[in-house]
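Visitor: Here it is, the structure, as structure tokens.
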Amino acid sequence: MKSFKIFCCIFLIFTFLCGTADAMELSAESAVIIDAASGRVIAEKNAYERRGMASTTKIMTAVIALERCSPDETVTVDRRAEGIEGSSLYLKAGDKINLEHLLYGMLLKSGNDAAAAVALHVSDSIEDFAKLMTEKAVSLGLKDTAFKNPHGLYEEGHYTTAYDLAQITRYAFTLDGFADMVSAKSYEIDDDIETKLVVNNNKLLRFYDGADGVKTGYTPETGRTLVGSATRNGMRVISVTLSDRNDWNDHMAMFDYAFENYELKKLSEKGQGFGCVRVYGGKQPDVPCLAEENISAAVKKCSKVKVICKTDENLSAPVKKGQKVGTVSFYDGKDLIGETNLVAACAAEKAKKSNFFWRIISFFRHK
């Protein structure tokens, strides 16, 4: 029996790698796994099809709350948040609860009343808050996501894609406090409300070494949804399944595939040199180019990263130190896995003599 399970696991990982329609024998209708550092898609199945998201909606609810509020704010529960159907913290109208505690209850226990209380703390209505959620998705460059509520109970026009949801989660991890919340196995709430202990519904935290998030979901209309996260050797990957009857195993197979075939590589460091750029009409013929920021990404093991630098071909003096003078792009095969600006390492002053004679000399110096 044990050998059979090992064979099935190997087969699933192999078929995920193959990428054909028959080979993607995941239970999910839609699935994706991405590199959190770069957003690169490692593997996917119908990742761009619009589907319901159920309680994974609450990831964006947390994003809006963390961006617009302080975690130590006190929330007075609005009467419209009381008695929301489904999973609940059993909040009562007038209850006062710390916003951070409310977010833990929303993300771990999936309290629908907690999500509504958060929304009504931020906005005047559920509808207004849902608009903020959709606008945020658009600002992240996501075109296939729309929200109608903060908790994920079924409504027409409330949808996302596996790809969009992975990118939303990737962004959420950049916000202070989010990673701590979604990785907690349990949390004690010390506010004066009925629910004191919330236990995380995400079994990946217990099943998989390195799992550190994120959110479960289910409604009869959408089926089971799950967003996962796991980190090994500094590389975090984010997995999403939509409409999946076997989500725990699917996510673990995706994690295994990512960690067995990819590794995190530092592509550039802030201030790293990438050649020089010509400067016309300057006291010096060129200036060194430096990377503007640190760039890391998941790269296929044993592959060689291709580096392409593009600089301003018509750069004229004066040039300021730190001025953008081009870009450097990194490719793993055909996949763009990172990009940053190139900036001037030093200033380049304009040449004092700019008559015709000196322009001729400058021209030939640059040839």
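The values are calculated or read from the model by the stated rules, or taken from the named source; none is laboratory data. Predicted model only: the values in this text are computed from it and were never measured. When we count neighbours, we look across all protein chains shown, and the Cβ atoms used for this are built from the backbone with ideal geometry, even at glycine.
Visitor: Return the only residue of LYS131, LYS143 being in a loop (DSSP other than H, G, I, E, B), under 24 Å from the mean Cα position of the chain (by Cα) and assigned by TED's automatic domain parsing to the domain that holds ARG236. Before you say what the answer is, go through the steps one by one.
Guide: Values: LYS131 fails: in a loop (DSSP other than H, G, I, E, B).
Selected residue: LYS143, the only one of LYS131, LYS143 that is in a loop (DSSP other than H, G, I, E, B), under 24 Å from the mean Cα position of the chain (by Cα) and assigned by TED's automatic domain parsing to the domain that holds ARG236.
Visitor: Next question. With crowded, with 16+ Cβ neighbours inside 10 Å, closer than 21 Å to ASP35 by Cβ and in contact (Cβ under 8 Å) with a residue 12 or more places away in the chain as the only criterion, which of VAL299, VAL319, VAL279 stands out? Write out each step before concluding.
Guide: Details: VAL319 fails: closer than 21 Å to ASP35 by Cβ; VAL279 fails: closer than 21 Å to ASP35 by Cβ.
Only one candidate qualifies: VAL299.
Visitor: Still on this structure: Kindly evaluate GLU25 against the criterion of being without any contact (Cβ under 8 Å) to a residue 24 or more places away in the chain, assigned by TED's automatic domain parsing to the domain that holds VAL227 and under 26 Å from the mean Cα position of the chain (by Cα). Break it down stepwise before answering.
Guide: Numbers: without any contact (Cβ under 8 Å) to a residue 24 or more places away in the chain: yes; assigned by TED's automatic domain parsing to the domain that holds VAL227: yes; under 26 Å from the mean Cα position of the chain (by Cα): yes.
So GLU25 passes the test.
Visitor: Now, a different point. For the range 152-245, give me every one of the strands (runs of 3 or more DSSP E) that falls completely inside it and has 3 or more residues that are closer than 17 Å to TYR257 by Cβ and assigned by TED's automatic domain parsing to the domain that holds VAL63. Quick ask: steps written out before the conclusion?
Guide: Numbers: elements: 186-188, 197-199, 211-219, 223-232, 235-242.
Result: 223-232, 235-242.
Visitor: When the residues of the range 138-167 are filtered to those that are among the aliphatic types (A, V, I, L, M) and under 18 Å from ALA119 (Cα atoms), which remaining residue is surrounded by the fewest Cβ atoms within 10 Å (Cβ to Cβ)?
Guide: We begin by selecting, within the range 138-167, every residue among the aliphatic types (A, V, I, L, M); these are 138, 140, 142, 146, 153, 162, 165-166.
Those still in the list that are under 18 Å from ALA119 (Cα atoms) too: 146, 153.
Values: ALA146: 18, LEU153: 20.
Per the criteria, the residue is ALA146.
Visitor: Which ones in the range 89-123 are surrounded by fewer than 20 Cβ atoms within 10 Å (Cβ to Cβ), touching a residue at least 60 places away in the same chain (Cβ under 8 Å) and among the hydroxyl-bearing types (Ser, Thr, Tyr)?
Guide: Matches in the range 89-123: TYR90 only.
Visitor: Here are the criteria: (1) modelled with pLDDT of 95 or more; (2) outside the structural domain of ALA37 (by TED's automatic domain parsing). Tell me which single one TRP358 does not satisfy.
Guide: Tallying (1) modelled with pLDDT of 95 or more; (2) outside the structural domain of ALA37 (by TED's automatic domain parsing), TRP358 fails exactly one: (1).
Visitor: Pick from the range 51-69 the residues that are more than 13 Å from GLY105 (Cβ to Cβ) and out of contact with any helix residue (DSSP H, G or I) (no Cβ under 7 Å at 6 or more places or on another chain): which of them is surrounded by the most Cβ atoms within 10 Å (Cβ to Cβ)?
Guide: Ranking the candidates gives THR57 first.
Visitor: Does ASP256 satisfy the condition of being surrounded by 21 or more Cβ atoms within 10 Å (Cβ to Cβ) and outside any strand (DSSP E or B)? I'd like the intermediate steps shown before the answer.
Guide: On the way: surrounded by 21 or more Cβ atoms within 10 Å (Cβ to Cβ): no; outside any strand (DSSP E or B): yes.
Against the criterion (surrounded by 21 or more Cβ atoms within 10 Å (Cβ to Cβ) and outside any strand (DSSP E or B)), ASP256 does not qualify.
Visitor: Take TYR257 and decide whether it is more than 22 Å from GLU25 (Cα to Cα) and touching a residue at least 60 places away in the same chain (Cβ under 8 Å).
Guide: Values: more than 22 Å from GLU25 (Cα to Cα): no; touching a residue at least 60 places away in the same chain (Cβ under 8 Å): yes.
Judged against the criteria, TYR257 is not a match.
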